[in-house]
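Before any comments, here is the structure.
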Amino acid sequence: MNEATLYLTSLAQALAKMSLYSDGHPARARAANASFARLRALQQEDPRPTFSFLGREVIYAQRTLRDLADWDWAQRLSGAGVQRLEFQEAVDPDSYHAFLEQLLTRIALASGPKERPHPISPDRSESAIRFGAVGVRGGGGAGGEAEGLEDEPEDRERFDLSEEADVVSWMHDEVVAAHHLPLAEAEAVIGSLAQAMHGSSRALIPLLSLKEFDQYTTTHALNVSVLAMGLSERLGLSSREVRGYGIAGLLHDLGKVKIPKEVLNKPGVLTDEEFQVMRSHTVEGARLILRADKHLDLSAVVAFEHHIMIDGGRYPVQCTRRDCHHASKLVHVCDVFDALRTHRPYRVAWEIPAILAYIERRMDTEFDPDIATAFVAMIRESEVRLARAQCIDEEPLVPTGEPVAQ
């Protein structure tokens, strides 16, 4: 077994042994010390190990640990609100012992009355050990109480997507700085968006509005993901397909992290040279996704194809005419809708009726008729809500002419 597997095995053994003895018993200290020694051995290879627990799946260094397939403790930790576990280099025995005690408390509480999980954000806590729900809703860790939790009923509708926007922005930064795509965080964001959509008996489409132009890539990714999941559900796709389409929507513009800000946010029509740079985001996005995980082939295809119209127009230019993937055509209509309803440097936002009329006019040329018809019906029948975030603007703007294609 590798060091990561050996450490997690020691963690489970420590928790199991400590639960058998009362406070102060020397067996508790011995179990904790043995696990701490395994952590130190792991940190010789990886100074800042990070684990994610999604059901029975354990993810370490962006890969599933096959040695721990169907590991019972992964489900127990995840069920106790510990979906992510991060260690810094400065872990000492005392903080590690306190961390184990907190895990035991969480696991015990999880078997009793339901407790709101104490989530973490990847960049907010300075504790040497951080743990909680993956990437969304507040901060917390072994060093103290979680931050930013709201004392509200579990069934209350939540339309604050600030944390989800923060996580997507952090994901983009990780792609640029660390050259990897944090897949566990992407999955967590999709789960959070699905919960926001289905938090009541009504069909809800929670969408963010833009306040600052340089936040467009983040908010647009969340909105397209929500719309793609809602539309794929309406079309009767399986839950697995809905989730896959949601991930594809979230990542469809990932290649824009490679586009210079002065081109991405230019207040006007792009020059031919700038437009060529902008067009490259489809190829760059597909390349980034495939480098991160070859199993994300659907997301890579959508990143490459989402600007291609059904008549073959737009980009990338196809050498041989072929039909795009169903997911690409679905994300395309979601992409255009959210782009038009968002205020951009080169035009003001359109109102929703004008956008739906545009989509209906462009059936059979730009949009797949079946997909577009279902999308228009979904928007007209669903309750579209503006989601709260640090980046929303409450006032809708009026349409001015046809969109600028970017």
Under 5 Å between amide hydrogens, which residues at least 5 positions from Phe367 or on another chain qualify, with H placed 1.01 Å from N in the peptide plane? Ile310
Let a ≥ b ≥ c be the square roots of the eigenvalues of the Cα gyration tensor of segment 272-316; is it rounded (a/c under 1.5), or, if not, prolate (a/b larger than b/c) or oblate? oblate
Karplus-derived 3J(HN,Hα) from phi for segment 34-48 (6.51 cos²θ - 1.76 cosθ + 1.60, θ = phi - 60°), whole Hz, x at Gly and Pro, runs 5, 5, 4, 4, 5, 4, 4, 5, 5, 5, 5, 8, 9, x, 10
Give the order of Glu164, Glu174, Glu381, Glu187 when sorted by the count of other beta carbons within 10 angstrom, beginning with the fewest. Glu381, Glu174, Glu187, Glu164
Counting only DSSP loop positions in segment 223-324, the chymotrypsin sites (Phe, Trp or Tyr not before Pro) whose Cβ has at most 10 other Cβ atoms within 10 Å are none
Nearest-20 debye value, segment 162-386 charge dipole, Cβ charges on Lys, Arg, Asp, Glu: 260
Under the rule rounded for a/c under 1.5, else prolate if a/b exceeds b/c, else oblate, using alpha carbon gyration tensor axes a ≥ b ≥ c, segment 222-329 is classed as prolate
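Taking the Cα centre of segment 282-332 as the origin, how large is its charge dipole in debye, to the nearest 20, when only Lys and Arg (+1) and Asp and Glu (-1) carry charge on their Cβ atoms?
On the way: 7 positive and 6 negative charges, 17 e Å.
That gives segment 282-332 a dipole magnitude of about 80 debye.
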Just to confirm a number: summing +1 for Lys and Arg and -1 for Asp and Glu over residues other than Arg40 whose beta-carbon lies under 15 angstrom from that of Arg40, what do you get? -4
Would you mind giving the three semi-axes, in whole Å and largest first, of the ellipsoid equivalent to segment 162-386 according to its Cα gyration tensor? 23, 21, 19
Got a sec to turn the phi values of segment 300-307 into Karplus ³J(HN,Hα) couplings, 6.51 cos²θ - 1.76 cosθ + 1.60 with θ = phi - 60°, whole Hz, x for Gly and Pro? 5, 4, 5, 4, 6, 9, 5, 9
What are the ³J(HN,Hα) couplings of segment 183-198, residue after residue, when phi is run through the Karplus curve with 6.51, -1.76, 1.60 and θ = phi - 60°? Round to Hz, x for glycine and proline. 5, 4, 5, 4, 4, 5, 4, 4, x, 5, 5, 4, 5, 5, 6, 10
Average projection area in nm² (convex hull over Cα atoms of segment 1-68, one quarter of hull surface): 5.0
A correct Kirkwood calculation over the Cα atoms of segment 226-265 returns a hydrodynamic radius in Å of 11.3
Local electrostatic count, Ser52, Cβ distance below 11 Å [Lys/Arg +1, Asp/Glu -1]: -2
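Each reported figure results from applying straightforward, stated rules to the coordinates on display, with no laboratory input. All values reported here derive from a predicted model rather than from experimental measurement. Please note: Cβ atoms are built from the backbone with ideal geometry, for glycine as well, and neighbour counts cover all protein chains shown.
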